[in-house]
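The values are calculated or read from the model by the stated rules, or taken from the named source; none is laboratory data. None of these values were measured; they are calculated from a predicted model. Counting neighbours? That spans all protein chains shown, and the Cβs are built from the backbone with ideal geometry, glycine included.
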Amino acid sequence: MTENNRPPHFLEKIITEDLESGKVPTIRTRFPPEPNGYLHIGHAKSIWINFGLAEKFGGSCNLRFDDTNPVKEDLEYVESIKRDVEWMGYHWDGAVRYSSDYFDQLYEWALYLIREGRAFVCDLSAEQMREYRGTLTEPGRNSPWRDRSVAENLELFERMKNGEFADGARSLRARIDMASPNINLRDPVLYRIKKASHHQTGDKWCIYPSYDYAHGQGDAIEGVTHSICTVEFEDHRPLYDWCINNLPTPSQPHQYEFSRLNVNYLITSKRKLKLLVDEKHVDGWDDPRMPTLSGMRRRGFTPKALRDFCEMTGVTKVVGVADISMLEFALREDLNASAPRAMCVLRPLRVVLTNYPEGKTETLSAPVHPQREVLGMRALPFGREILIEQDDFREQANKQYKRLVLGKRVRLRNACVIEADEAIKDAGGNVIEVRARVIENTVGQDPADGIKAKGVIHWVSATDNHSCEVRLYDRLFTDPFPDAGDKHFLDAINPDSLTILSGCKAEAGLRQADPETRYQFEREGYFILDSRYSTPEQPVFNRVIGLRDTWGRTSDH
């Protein structure tokens, strides 16, 4: 976790006390994702907490897939999750683990609970179980099959395992207390019948343990000391403890809860994210507008920015919503310090420098990064014809417009001062070329005293540049809470969340752009080569983020 002068949060205090008291000799945490979708930004905080705490206190963290529902799971998700954890900068201890690694032991422990009279086979359907469960104000009712004998339960459970019953026909339930004020203790399901092939165990099993049953026992088998999860599992902790206390587990882990990471303008429901993908509102799970870690990686987010953002949001039990501007601030801070500079004209307009010799070219230079001299200088080809942004020229403008205007001067970044003389237009009255003059003794040097320029604009050589496509990504939703209340999140999709610009021209040096490097296109924002569509012949740059937050200061969205 990021080292700073902040006071320790409550989990750090607990671990410190446990280590100092000798309650545990070392700590072991775990990150237990379900392989039923891609990880999203909410998981980033869980990764950061579990792996970060283990790292900070000299312990270890396991990666264990909670693969107890084969109907919704896929190896594609398994591989994507491993990539995401490694991209975040963490390494799990030992081999990747799976809840399915423990299916044999979990089955034996289920038999143990039956023999001890603490579990029974129930014939109620899922719908009937909901009816019997009761409400928050009314106790539940015992299942008619709650008092089956141990022998009958053992026989039926074995027949469940052997595939003799249809899906949903029977289940194994814990015998706890149908009057408990905690609904999770009202005889919860431990095993259900699912005749589905499993990506790890094949067709060995047709009964699968519930999450609540498998999770704590997996922690105990692995020697996890601090089982850290989000606050929605707080009401499940009594069941976690009941299973640990009623089984001969090799260790006794404890569960702790923290508030999950909620961010406005984003949704983190896997079901809703899958709907966006399935209905093709986005370009797959790794679409750069998605809040998935794979999407954020393709967009150009940095692991450091995500870790810093998690640090900024804090670790508490208080449920809240983080402002997305905090995430964007963390990203800009990291990229401003690390990103090499370059120039790219997104909507080119030709400028002919009429007093610059025809056929002459020269190479100017500019720093790769203004605050990192060690990165050296970059070469900028310069000649009679250059390209500037269409929006950087007007025939007439007010004093607030600090770019190129007829009869006015502007400085070309890292080059010279020019003055516009004439605008050439097509038959439709559109400006297609500007003719300008280079002000003497300004090429490659600071203007002399008395030579004033209205502002500074970027440019590239018209004859020696790098053609590319640029994709301008913005927030996927226009509503800060797109799925709150009775809203339908699809109604809040931002129609301007992606703008594709072809025919863009970048400075020649970007022909050797590094696919993993984020570049600051001066005056435009931060960009990275798209990992899916970019090729050497047709480079595609994704805008990671703009230089400034325009959402908070304009009414255009």
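Filtering the stretch 461-492 to residues that are in a strand (DSSP E or B), closer than 20 Å to residue 546 by Cβ and of a type outside the set (Asp, Glu) leaves 468, 470, 471, 472, 473, 477. Tell me, please, whether a residue that is in a strand (DSSP E or B), free of Cβ contacts under 8 Å to residues at least 12 places away in the same chain and not assigned by TED's automatic domain parsing to the domain that holds residue 524 can be found in the stretch 400-414. No: the stretch 400-414 contains no residue that is in a strand (DSSP E or B), free of Cβ contacts under 8 Å to residues at least 12 places away in the same chain and not assigned by TED's automatic domain parsing to the domain that holds residue 524.
Of all the criteria given as (1) part of a loop (DSSP other than H, G, I, E, B); (2) at pLDDT 95 or above; (3) more than 30 Å from residue 287 (Cα to Cα); (4) not aromatic (Phe, Trp, Tyr), the one not satisfied by residue 421 is (1). Residues of the stretch 51-92 that are farther than 30 Å from residue 299 by Cβ and either in contact with a strand residue (DSSP E or B) (Cβ under 6 Å, 6 or more places away or on another chain) or part of a strand (DSSP E or B) (or both): 59, 60, 68, 70. Report yes if residue 83 is of a type in the set (D, E, K, R), in contact with a Phe, Trp or Tyr (Cβ under 7 Å, 6 or more places away or on another chain) and either modelled with pLDDT under 95 or under 25 Å from residue 69 (Cβ atoms) (or both), otherwise no. No, not satisfied. Residues in the stretch 256-288 that are more than 18 Å from residue 332 (Cβ to Cβ) and within 10 Å of the chain's Cα centre (by Cα): 268, 286. Output the residues belonging to the stretch 493-510 that are surrounded by fewer than 14 Cβ atoms within 10 Å (Cβ to Cβ) and either outside any loop (DSSP other than H, G, I, E, B) or at positive phi (or both). Selection gives 499, 500, 502, 503.
Number of residues in the stretch 414-429 that are more than 16 Å from residue 355 (Cα to Cα) and in contact with a Phe, Trp or Tyr (Cβ under 7 Å, 6 or more places away or on another chain): the value is 0. Restricting the stretch 77-100 to residues that are touching a helix residue (DSSP H, G or I) at 6+ places or on another chain (Cβ under 9 Å) and among the β-branched types (Val, Ile, Thr), the residue that is farthest from residue 215 (Cα to Cα) is 85. With respect to (1) more than 18 Å from the chain's Cα centre (by Cα); (2) in a loop (DSSP other than H, G, I, E, B), the lone exception for residue 531 is condition (1).
Tallying residues that are surrounded by fewer than 16 Cβ atoms within 10 Å (Cβ to Cβ), under 23 Å from residue 242 (Cβ atoms) and within 40 Å of the chain's Cα centre (by Cα) within the stretch 162-182 yields 2.
Among the residues of the stretch 290-314, those identified as assigned to a loop (DSSP other than H, G, I, E, B) and over 12 Å from residue 41 (Cα atoms) are 300, 302, 314. Taking the criterion of being surrounded by fewer than 14 Cβ atoms within 10 Å (Cβ to Cβ) and under 41 Å from the mean Cα position of the chain (by Cα), the residues of the stretch 106-137 that qualify are 108, 125, 126, 127, 128, 130, 131, 135, 136, 137. Annotation note: of 257, 358, the sole residue that is out of contact with any Leu (no Cβ under 9 Å at 6 or more places or on another chain) and closer than 30 Å to residue 432 by Cα is 358. Confirm whether residue 370 is assigned to a loop (DSSP other than H, G, I, E, B) and in the same structural domain as residue 346 (by TED's automatic domain parsing). Spelling it out, residue 370 is indeed assigned to a loop (DSSP other than H, G, I, E, B) and in the same structural domain as residue 346 (by TED's automatic domain parsing). Check 478, 550, 517 and return the single one that is assigned by TED's automatic domain parsing to the domain that holds residue 299, β-branched (Val, Ile, Thr) and surrounded by fewer than 16 Cβ atoms within 10 Å (Cβ to Cβ). Testing whether each residue is assigned by TED's automatic domain parsing to the domain that holds residue 299, β-branched (Val, Ile, Thr) and surrounded by fewer than 16 Cβ atoms within 10 Å (Cβ to Cβ) leaves just 517. The residue of the stretch 316-336 that is surrounded by the most Cβ atoms within 10 Å (Cβ to Cβ), among those that are in contact with a Leu (Cβ under 9 Å, 6 or more places away or on another chain) and assigned to a helix (DSSP H, G or I), is 327.
When the test is whether a residue is touching a residue at least 60 places away in the same chain (Cβ under 8 Å), of a type outside the set (A, V, I, L, M) and either out of contact with any helix residue (DSSP H, G or I) (no Cβ under 9 Å at 6 or more places or on another chain) or over 30 Å from residue 306 (Cα atoms) (or both), residue 103 passes it. Can you find a residue in the stretch 491-509 that is out of contact with any Gly (no Cβ under 8 Å at 6 or more places or on another chain), of a type in the set (A, V, I, L, M) and over 26 Å from residue 460 (Cα atoms)? Yes, the stretch 491-509 has at least one match. The residue of the stretch 1-49 that is nearest to the chain's Cα centre (by Cα), among those that are assigned to a helix (DSSP H, G or I) and among the charged types (D, E, K, R), is 45.
Filtered by the rule that a residue be farther than 22 Å from residue 247 by Cα and not in a helix (DSSP H, G or I), the stretch 139-159 gives 139, 140, 141, 142, 143, 144, 145. Checked against (1) surrounded by 16 or more Cβ atoms within 10 Å (Cβ to Cβ); (2) not in a helix (DSSP H, G or I), residue 102 passes all but condition (2).
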